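Quick notes on the structure that follows.
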Amino acid sequence: MKSGLITVDRHGNILYYNIAAQEILGKSVENSYGKPLESIMPGCSEVLESCKEENIPEARSELSIKDNQENNAKVLGLSCFPITDNHGQFLGHGLIFQDITKIKARQEKLQLIDRLAALGEMAAGLAHEIRNPLASISGAAEYLGHADLVLPEGMRLVEIIRKETERLSRLTSTFLLYGRPERKKAESIPVQEEILSILALLQQRKHLSRAKVDIDIPKDLRLTADPHMFRQVMLNLLLNAFQALPGEDGKISISGANSGPDVRIKIKDNGQGMEPDIQKRIFDPFFTTKPEGTGLGLSIVHRIITELGGQITLQSQPGNGTSFFISFPKLSHKAETPQ
């Protein structure tokens, strides 16, 4: 990993930077001699202030700066040290830093997987505990409705109980799907055919926005996995894309291709997009921006893809739609294969 080096005088103005610093920070550092370090690394003044005027390197810090070339944030790992002359007179500071953006992303991904797995176990346990008394309530309501034990004006309340227990039963089934995705036999899945089937199903739902759907997937593109799990992933992602569309001129594009040992699929919509704080939480269980949502759809997607040994990422900007990138191994080693 490349290490950038910048030295500054006692006022924080740049005296020197090495080639690695220029490669990490880009054009913003060019011809910056004599300029305040704060102008190219906003927030670094706090790091310098915390670096005591002693010949002892400070503890490592992290600094997030805007990457103008890629229009996103870059995370730097920093170490600061004081610079003195032969007499111990303080002259300025030195900063050694590395671009740890990818490392931080991997750490956050692993933390998310661990957190979702723990929540999944809890959700599955709660679902099992709820199902038994729920079945009793549902059975009692059915008996009351058919045994003439309730006055006619009370039947409306019995019907409410029956409908609400059905709703809770569906919700507990969703909890179980998220907590412990059921693994069946792995099969060879024709990706294009499966997605066309799901689209035909979704287009029957009258409450969904109409959209122009472009598909760029080879007919012979296949992967080996549990077809039920793959179908659940695609159904949730495509449903999410339809729900995000504007009222008119909605567009969804779906592409897929082989990429080494993986099959990669991209689903893009031209909906309203997402703010960065929403993107960070979009796979969290029970997080939703929809009034009628449970917040489990994309959590289940993430959970199943992880179970299949794949990955999912997204790109989104407010007003410019959202793209989901899914990578499946052509042969899911985590799925049970036929004997």
>> I need the full set of residues from the stretch 19-50 which are within 17 Å of Ser79 (Cβ to Cβ) and either in a helix (DSSP H, G or I) or more than 36 Å from the chain's Cα centre (by Cα) (or both), in order please.
In response: Ala20, Ala21, Ile24, Leu25, Leu37, Cys44, Ser45, Glu46, Val47, Leu48, Glu49, Ser50
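For (1) within 42 Å of the chain's Cα centre (by Cα); (2) among the aromatic types (Phe, Trp, Tyr); (3) modelled with pLDDT of 80 or more, each residue gets a yes or a no:
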position	(1), (2), (3)
Ala135	yes, no, no
Tyr143	no, yes, no
His146	no, no, no
Pro152	no, no, no
Arg156	no, no, yes
Arg162	yes, no, yes
Leu168	yes, no, no
Phe175	yes, yes, no
Glu182	yes, no, no
> Taking into account only those residues within the stretch 305-339 that are of a type in the set (A, V, I, L, M) and more than 13 Å from the chain's Cα centre (by Cα), which is modelled with the highest pLDDT?
Replying inline: Leu308
>> Going residue by residue through the stretch 246-267, is there one that turns out to be touching a Phe, Trp or Tyr at 6+ places or on another chain (Cβ under 6 Å) and in a loop (DSSP other than H, G, I, E, B)?
In response: no
> How many residues are surrounded by fewer than 21 Cβ atoms within 10 Å (Cβ to Cβ) and in contact (Cβ under 8 Å) with a residue 40 or more places away in the chain when one looks only at the stretch 238-253?
Replying inline: 6
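Listed here are the residues, each with its yes/no results for (1) in contact with a strand residue (DSSP E or B) (Cβ under 6 Å, 6 or more places away or on another chain); (2) in the same structural domain as Leu199 (by TED's automatic domain parsing); (3) within 24 Å of Met229 (Cα to Cα).
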residue	(1), (2), (3)
Glu248	no, yes, no
Gly273	yes, yes, no
Gln311	yes, yes, yes
Gln315	yes, yes, yes
>> Checking the conditions here, which among Val263, Val233, Val191 is within 16 Å of His302 (Cβ to Cβ) and either modelled with pLDDT of 90 or more or surrounded by fewer than 15 Cβ atoms within 10 Å (Cβ to Cβ) (or both)?
In response: Val233
>> Show the residue pairs meeting these rules: Cβ distance below 8 Å; 6+ apart or different chains; first residue within the stretch 81-103 and over 24 Å from Ile24 (Cβ atoms) and touching a residue at least 24 places away in the same chain (Cβ under 8 Å); second residue among the polar types (S, T, N, Q) and part of a loop (DSSP other than H, G, I, E, B).
In response: Thr84/Asn55
> How many residues does the stretch 274-304 contain that are polar (S, T, N, Q) and at pLDDT 80 or above?
Replying inline: 2
>> Among the residues that make up the stretch 203-218, is at least one of them under 30 Å from Ala135 (Cα atoms), under 24 Å from the mean Cα position of the chain (by Cα), surrounded by fewer than 20 Cβ atoms within 10 Å (Cβ to Cβ) and at pLDDT 85 or above?
In response: no
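Considering only residues of the stretch 88-100 that are at pLDDT 85 or above and over 37 Å from the mean Cα position of the chain (by Cα), which is surrounded by the most Cβ atoms within 10 Å (Cβ to Cβ)?
Our first condition is that a residue be at pLDDT 85 or above; within the stretch 88-100, this holds for 89-100.
The next check asks that each one be over 37 Å from the mean Cα position of the chain (by Cα); those that pass are 89-93.
Numbers: Gln89: 10, Phe90: 12, Leu91: 15, Gly92: 18, His93: 24.
The residue in question is His93.
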> Counting only residues that are surrounded by 12 or more Cβ atoms within 10 Å (Cβ to Cβ) and touching a helix residue (DSSP H, G or I) at 6+ places or on another chain (Cβ under 6 Å), how many does the stretch 219-230 have?
Replying inline: 2
>> Taking the criterion of being part of a strand (DSSP E or B) and farther than 17 Å from Gln311 by Cα, would at least one residue in the stretch 202-212 satisfy it?
In response: yes
> So, of the residues in the stretch 290-304 that are out of contact with any Pro (no Cβ under 8 Å at 6 or more places or on another chain) and in contact (Cβ under 8 Å) with a residue 12 or more places away in the chain, which turns out to be surrounded by the fewest Cβ atoms within 10 Å (Cβ to Cβ)?
Replying inline: Lys290
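The values are calculated or read from the model by the stated rules, or taken from the named source; none is laboratory data. No experiment lies behind these values; they were computed from the predicted model shown. Using ideal geometry, Cβ is built from the backbone for each residue, glycine included, and neighbour counts are taken over all protein chains shown.
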